[in-house]
Structure formats: C-alpha cells, structure tokens
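A short write-up of the structure that comes next.
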Amino acid sequence: MSPPAAETEAAAPSAPGRRGELSEGARQERRLGLLLCAPAVVVMVAVTAYPIAYAIYLSLQRYDLRFPDQAHWVGFGNYGAVLTSPFWWQALWVTVLITVVSVAVELVLGMALALVMHRAIFGRGTVRTAVLIPYGIVTVVAAYSWQYAWTPGTGYLAALLPAGSAPLTDQWQAIGLIILAEVWKTTPFMALLLLAGLALVPGETVRAAMVDGATFWQRLWLVILPLMKPAILVALLFRTLDAFRIFDNIYVLTGGSNDTGSVSILGYDNLFTALNLGIGSAISVLIFLCVAAIAFLFIKIFGAAAPGGEPERR
Amino acid sequence: MMSHRGRTLTGWGVVNLLVILYALIPVCWIAALSFKDPSTLTDGNFIPREWTWANYRGIFQTSEFTRALVNSIGIAVIATTIAVVLGTMAAYAVARLRFPGKRVLIGMSLLIAMFPPISLVSPLFNIERVLGIFDTWAGLIIPYMTFSLPLAIYTLSAFFREIPWDLEKAAKMDGATPAQAFRLVIAPLAAPGVVTTAILVFIFCWNDFLFAISLTSTTAARTVPAAIAFFTGSSQFQQPTGSIAAAAVVITVPIVIFVLLFQRRIVAGLTAGAVKG
C-alpha cells in the first residue's frame, strides 16, 4: 500500500524479462489491468476524494444554507467553534463509549457464537441461516423493532419493566439500549468473520493440546485465540470503524435527545436542522480524522493485517 | 454412555434454540406488531390479540410507501448492477493480471470501505444541488455504488482467485473458441461468486439510511428506510406504529428470502473478502 511497495510491485514484472516478446506480453497485461481497474478507480476517486477535499474547503467558510450569498472565508473558525463546543465533546464521548462497549461485547458474544457454529453437532445450517437475519435486516427496521419494544404501553419489553419507566428517555438507559440494538445487529457479522478465522486453526494442533490434557479454556486461550489473532484484529478493525459511524440506531431510538447523540448525529443535525454547512463540514472532516486515527492505530500499533495488504500470492 | 450422548445432544439443542431465538425475536416482534389491529396496538402483548391486514392495506394505498418501494428496488438494482460490473472488471485484474498500482487500488478500496459516510453527506449535498441530481435516483445510486465497490472488489477477487483458470486454456486446446471457453467454462465457474457479491451489494444498498434521508427531500427518490422515518400518523392513523411495522416487514421479506436461499454463499462471500483479502 505504501509507495515503495508499489514500486517493487511495478518493477517485478519487467525484472524476469527473458525475451523481448515476453515483456511485450507483460506490457499488454499491464495495459489490460489498468484499463479494467480504471472505471472503478475513477468512480471511487470522484465520489470520495473530491468531495472530502470539497468538505475541507467548505469547512473553512462561514456558510449558512439560508443565506448562501453571504458565505465567506473564516479559516479555522469553524473548527474552533466545534472544538470549544460542549456538544462536540459530549457526542464524541457518547460515540466512543458506544463503540468501545459494543465492540467488546460483540467480540465475546461473537466468539461464543462462532464456537457454536463451528462445533455444533447438528443444526449448523439452521443456526447460520438464523444468524444471517440480524446481519441482513435493514438497520432502521431493527431499530424500530427495539424502539417499539421499549415504548411504554406498546412494547413487550417495556411491559416487563416497573410501571412508569420509559427507558428511552433516560440518558444512560437509552445509551444501554442503543448498545443492545447495535450488538444484536452486528454480532453475527463479527461471529462470521471469527468463524472464518476459526476454520483456519489446524484441527491437529487443537487435538494435540487435547491429548496433552488441556482443558477447553486452556485450548481456547493458549491455542485457538493466539492462532486466530489476525482474524480477530481484522474483525475488530472493521467493527470499530463501523460502530464509530453509528447513526441509524440512534436516529430511530432516541433521535439523539437527552445527550445520546453520536458525532454522526451531531454532524447531521448541524447540516439539516441548523442548516450550517460550514460547521457541518467541519464536523464531517473531524469525524474523518477520527476514523483515520482509529485505522492507523489498529494497523500500525496492533499490526492488524489490512485485508489485501498481505503479499499477493499469484 | 447413551445418557452422556443424550445430554450432549440436548445441550446443543438448547444452545441452537437460544441462538435462533436471539436472531428471530426482534423480527417476529415487528411482524406481530404489523398484524395488530389499531385498537390493540398499545396492549403490550407480544402476540396480536386480533389479527388484521389493515396496516398492509393502509400502506399500499398511500403513494408515499409504494413510491418509496419502487425507488428502493430501482435504486438498489441499478447501483448493484453497476457496482458488480465495475467490480468484476477490477477484481479480474486484481486476481489474474500483473500490473503496477494493484496495491494502490487495494489500499484505496480499503480506505473507502472505512470511510465515514457522514463525512461525504455535507459535500455531496452541496455538489448534488449544483449538479441538479439532488433528490433524484442518480443522486443515491452514485454514493451507493461507490461505497459498495470495495465490497464487490474484495469479495469477487477472493472468489476469482479460487477459479482454476487453466481450464480455459484446456478448453481452447480442445478446440473451443475464446468465446466458447468463456461462456461454457469460465462464466459458470465465476457465476456463483458474482451472484453472491450481487446479493451482498444489494443488501448494502437496500439497508442504507443516512444517504437516503440526506440526499432526498421528496418522494421522488426517497427509499423505504427513509420514507418510514417520515411516516406520520395523519388522517388514517393516529400513530404511525402500524404502518411503520408493516412497511418494515415488507422490506424485510426480500432479505429473509435471500438469506434462506443463499445462506451458504452469503457466509462464504462475507468471510472470503475479509480473511483472504
């Protein structure tokens, strides 16, 4: 992914050039490769790189959508406004809390689910099918299901609570329920990624540990989990980034009221409720930077092998 | 011995049942809600006391929902088609050809897979208004196909690496024309991967909510997830609960059908991209 790696990759095909004819073939292969990738690259760059650059430009302006003619340059003013605002820090704190708790719970639950799918004596297919439903279902649908379940008077879960309690209107309870909804929806995805990692653990190694008298927990902690580390890191990376962008569940469950909004909710509100394109863009850019920092942390510090980042095995 | 085996089987039965209940209860709840008579909507009972199709009849009578359903299907199908075609081309190159910049492509896809969509909402909102595609199908198709391209490229290139491409040469040696070799040998081998990817991409587009509420303002392009959020308990309904539940069930049905039909492939597709890269 880094430039030097790209250089060696580029140099590789021509290096073993044995005859002129062969390098002509290699040249054609290159041309075809670039041509085939070009449309995808053009689309991806045009729809992400250009807008993010434009977002940076917008974030440096005072830009109220109600008065577009009065837009003017304010430098880093919007960033100053966001970073000194308690709303941003509150939203960031809620987002980090939701991300950390839900990913931690999902890891444990997902691992358990993966072990069930891996070792179940019967009904494996049924379990896998069932587990795909939370993955596939529209997040908004699931969120409404949870919302109504917790709405006093309507919901079967609210009916179990003491009379007069409305969990979605209390900050901490609502955050707990948002985490619950998030965990329900995404644990299956985590479990499937971990299941694929589990399938790569050689059966002989586990059986050898069993013969040596290791208990189930010893086998899990000392043999299976260390061998699964790459798969676990990839799953954690994907899920952490995904959880950090949480929007749909909060929008439906609480709308971000009572200090339950995430940074994405804050950005959305600034853009579409306050109609402040400058501040909204500044928040967008800050969220982008947070996500980049998380990805950097995972890849550089924990050594998560970025999928596809490993050497090509052709 | 028998009793031990019996206990193990029972144990697994209980575990399996727990997993299935975990997955299905929230889905069954929204379905149950959609069949409740308006008068019993707020009784807090899990199973409807009185079953009715009224909520479904209600939503299919409003253009608000039917229009959104058409939008959802049209936008998801077009975005999926484009993403799969472009993804297939790129994935073929990634899996089979040597060319400079392959790593750049893979790195870029990864970057976009991690991209926070909210960061694109504000610039796209403005760009689309200037270009005049705000609140149109194209306005949603463009971000959907972009964000699903990394998924398509990863999944497809993982599948393509597994194809025994030598068969193509063998077929040609046996006298097949290149077109025949492709149609009779390679296409059938590649088809499962392409179908799986198409399903994953479709689910992705079908699920989106943030772009759908941000880049639309009328029913012209609003998809069902966004339309649901704007349902109001207007004249026919006091509370939109019943209509929301019914609409939710309608858009869940295709997903459940895909999952039931393609369970094995969806699992393979989801994990292939992430694990094998």
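The values are calculated or read from the model by the stated rules, or taken from the named source; none is laboratory data. Every value quoted in this text rests on a predicted model; they were computed, and no experiment measured them. Glycine also receives a Cβ, built like all others from the backbone with ideal geometry; neighbour counts cover every protein chain displayed.
What the table shows:
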read-out	value
Residues that are farther than 18 Å from B:L124 by Cβ and either touching a strand residue (DSSP E or B) at 6+ places or on another chain (Cβ under 6 Å) or facing another protein chain (nearest Cβ under 10 Å) (or both), drawn from the range B:208-224	B:V224
Residue identified as free of Cβ contacts under 8 Å to residues at least 12 places away in the same chain and within 17 Å of the chain's Cα centre (by Cα) among A:G123, A:G136, A:G153, A:G176	A:G136
Selected residue (only one of A:I175, A:I121 is part of a loop (DSSP other than H, G, I, E, B) and of a type outside the set (F, W, Y))	A:I121
Criterion violated by A:T260 - all others in (1) surrounded by fewer than 24 Cβ atoms within 10 Å (Cβ to Cβ); (2) more than 8 Å from chain B (Cβ to nearest Cβ); (3) closer than 27 Å to A:V141 by Cα; (4) of a type outside the set (A, V, I, L, M) satisfied	(1)
Number of the exception - A:L200 against (1) farther than 22 Å from A:F302 by Cβ; (2) loosely packed, with under 15 Cβ neighbours inside 10 Å	(1)
Residues of the range B:29-45 classified as in a helix (DSSP H, G or I), free of Cβ contacts under 8 Å to residues at least 24 places away in the same chain and surrounded by 14 or more Cβ atoms within 10 Å (Cβ to Cβ), total	3
Single match in B:L105, B:L120, B:L140, B:L110 (criterion: more than 8 Å from chain A (Cβ to nearest Cβ) and either closer than 25 Å to A:L297 by Cβ or at pLDDT 90 or above (or both))	B:L140
Single residue of the range B:180-224 satisfying the filter (outside any helix (DSSP H, G or I) and of a type in the set (A, V, I, L, M, F, W, C)) that is surrounded by the fewest Cβ atoms within 10 Å (Cβ to Cβ)	B:A220
Contacts under 7 angstrom Cβ, first residue in the range B:232-244 being facing chain A (nearest Cβ under 10 Å) and surrounded by 19 or more Cβ atoms within 10 Å (Cβ to Cβ), partner outside any loop (DSSP other than H, G, I, E, B) and modelled with pLDDT of 70 or more, 6 or more apart	B:T241/A:Y148; B:T241/B:L33; B:I244/A:Y144; B:I244/B:I228
Scan of the range B:110-138 for residues that are in a helix (DSSP H, G or I) and more than 21 Å from A:I56 (Cα to Cα), ordered by number	B:L110, B:W137, B:A138
Elements of type helices (runs of 4 or more DSSP H) contained in the range A:195-299, each with 2 or more residues being in contact (Cβ under 8 Å) with a residue 60 or more places away in the chain and of a type in the set (S, T, N, Q)	A:277-296
Cross-chain or 6+ apart pairs with Cβ under 7 Å, the range B:184-203 first and touching a residue at least 24 places away in the same chain (Cβ under 8 Å), then of a type in the set (S, T, Y)	B:V194/B:T88; B:T196/B:T155; B:T197/B:T155; B:A198/B:T80; B:L200/B:T155; B:V201/B:T80; B:V201/B:S148; B:F202/B:T80
Some residue of the range B:98-108 being within 16 Å of the chain's Cα centre (by Cα) and either buried (at least 21 other Cβ atoms within 10 Å of the Cβ) or among the basic types (K, R) (or both)	no
When residues of the range A:35-79 are limited to those that are among the polar types (S, T, N, Q) and over 21 Å from B:F211 (Cβ atoms), the one surrounded by the fewest Cβ atoms within 10 Å (Cβ to Cβ)	A:Q70
Condition check for A:L60: modelled with pLDDT of 90 or more, under 30 Å from A:L193 (Cβ atoms) and more than 9 Å from chain B (Cβ to nearest Cβ)	no
Among residues of the range B:128-141, those that are of a type in the set (A, V, I, L, M), under 18 Å from B:R222 (Cα atoms) and free of Cβ contacts under 8 Å to residues at least 12 places away in the same chain, counted	2
Criterion (more than 7 Å from every other protein chain (Cβ to nearest Cβ), within 25 Å of the chain's Cα centre (by Cα) and of a type in the set (A, V, I, L, M, F, W, C)) met by exactly one of A:A208, A:A181	A:A181
Selection within the range A:247-280 - in contact with a strand residue (DSSP E or B) (Cβ under 8 Å, 6 or more places away or on another chain) and on the phi < 0 side of the Ramachandran plot	A:N270, A:N276, A:L277, A:G278
Verdict on B:P164 being modelled with pLDDT under 90, out of contact with any Gly (no Cβ under 8 Å at 6 or more places or on another chain) and surrounded by 13 or more Cβ atoms within 10 Å (Cβ to Cβ)	no
Of all residues making up the range A:116-174, the number that are of a type in the set (S, T, Y) and farther than 28 Å from B:F211 by Cα	5
Those residues of the range A:131-153 which are facing chain B (nearest Cβ under 7 Å) and part of a loop (DSSP other than H, G, I, E, B), in sequence order	A:I137, A:V138, A:G153
